[in-house]
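The values are calculated or read from the model by the stated rules, or taken from the named source; none is laboratory data. Worth saying up front: this structure is predicted, and the values here are computed from it rather than measured. Every residue, glycine among them, receives a Cβ derived from its backbone with ideal geometry; neighbour counts consider all protein chains shown. In case anyone asks, the SASA skips ligands and DNA or RNA and just uses the protein heavy atoms, side chains included. Shrake-Rupley method; radii C 1.70, N 1.55, O 1.52, S 1.80 Å.
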Amino acid sequence: KEATKSLLRNRAMWGIIAVRGLRAMCLVALVTILPLYLANDLGMSPFLRGIHIGLLIAIGLIAKPMMGYLSDRLGRKQVLVPGLIWSCAVSLLLIAFSDGIALTILIALLGLFLYPDQPILTAATLEIVGREIATTALGIVAFFSFLMAAASPLIAAGLYESMGLSAALYYVAALFAASAIIFVLVPLSARTTSST
């Protein structure tokens, strides 16, 4: 169909794919290296490791409705760009504060935007492409983001094994920063960026 062909030529669509792919790379990298670090470097028990990773996920799930509401009211970029910058900053702070209560707090703070940005990106995608080819668009976005994310656990684990946690976190922070810059440049429609 002509609509599908035009979708593949849509610059904003490819910007969303890049952002979502980079975000997926961040997520799988973090859930790969954090358990390794908690076990190998800090010697945490499986129960405590589960508590920390569960905290990361739970905070994100709790924050999802709030971030979705703010995105509808303020605009996609106005919420997601600061969220990506926040995640980048927290990833860098984890390098300096990598144990004790500070680590637990930072993991919780990282969860604030780690999961809530997914529905925001989905909403932005739907607003860019419209209803006619919405399912096709979401399928394409999911496919390419999966491809981008597939190698990320290997990269993150390799950095952790060879150079330590700091190198892996610099990698994650760079991905967050790149996704924020790209999303700033994505040409969203007026409907996407204005209040609803």
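Rolling a 1.4 angstrom probe over the protein chains, ignoring ligands and nucleic acids, what is the accessible area of Arg20 in square angstrom, nearest 10?
Solvent-accessible area, nearest 10 Å²: 60 Å².
Rounded if a/c is under 1.5, else prolate if a/b beats b/c, else oblate: with a ≥ b ≥ c from the C-alpha gyration tensor eigenvalues square-rooted, which is the stretch 91-155?
oblate
Enter the mean projected area of the convex hull around the alpha-carbon atoms of the stretch 1-110, in nm², rounded to one decimal.
8.8 nm²
Say each of Leu48 and Ala157 gets a label point 7 Å from the Cα, pointing the same way as Cα to Cβ; how far apart are those two points in nm?
2.4 nm
Using the alpha-carbon atoms, what tilt in degrees (0 to 90, nearest 10) does helix 46-74 show relative to the longest principal axis of the chain?
30 degrees
Given an 8 Å cut-off on Cα distances and at least 6 residues of separation, report the relative contact order of the stretch 1-148 as a percent.
Answer for the stretch 1-148 is 39 percent.
Tally Lys and Arg at +1 and Asp and Glu at -1 over the other residues with C-beta under 12 Å from the C-beta of Leu36: what net charge comes out? Provide the component values of the computation, followed by the final result.
Values: positive: Arg49; negative: Asp41, Glu161.
Combined, the nearby Lys, Arg, Asp and Glu give -1.
Per Stokes-Einstein, at 25 °C and 0.890 mPa s, what whole-number D in µm² s⁻¹ belongs to the chain, with the Kirkwood radius over Cα pairs as the hydrodynamic radius?
Numbers: Rh = 17.3 Å.
Once the numbers are plugged in, D ends up at 142 µm²/s.
For the stretch 117-196 and the stretch 21-35, what is the separation of their Cα centres, given in Å?
With the stretch 117-196 and the stretch 21-35 each reduced to a Cα centre, they are spaced 11 Å.
For the residue pair Thr135 and Leu55, what label-to-label distance in nm results when each label sits 7 Å from Cα along the Cα-to-beta-carbon direction?
4.2 nm
Subtract the Cα-Cα distance of Leu8 and Asn40 from 0.36 nm times their separation in residues, and report this length gain in nm to one decimal. Let's see the in-between values first.
Details: separation 32, 0.36 × 32 = 11.52 nm, distance 4.43 nm.
Additional length available on full extension: 7.1 nm.
Using only Cα atoms, find the angle between the long axis of helix 152-163 and the longest principal axis of the chain, and express it within 0 to 90 degrees, rounded to the nearest 10.
Between the helix axis and the principal axis of the chain, the angle is about 30 degrees.
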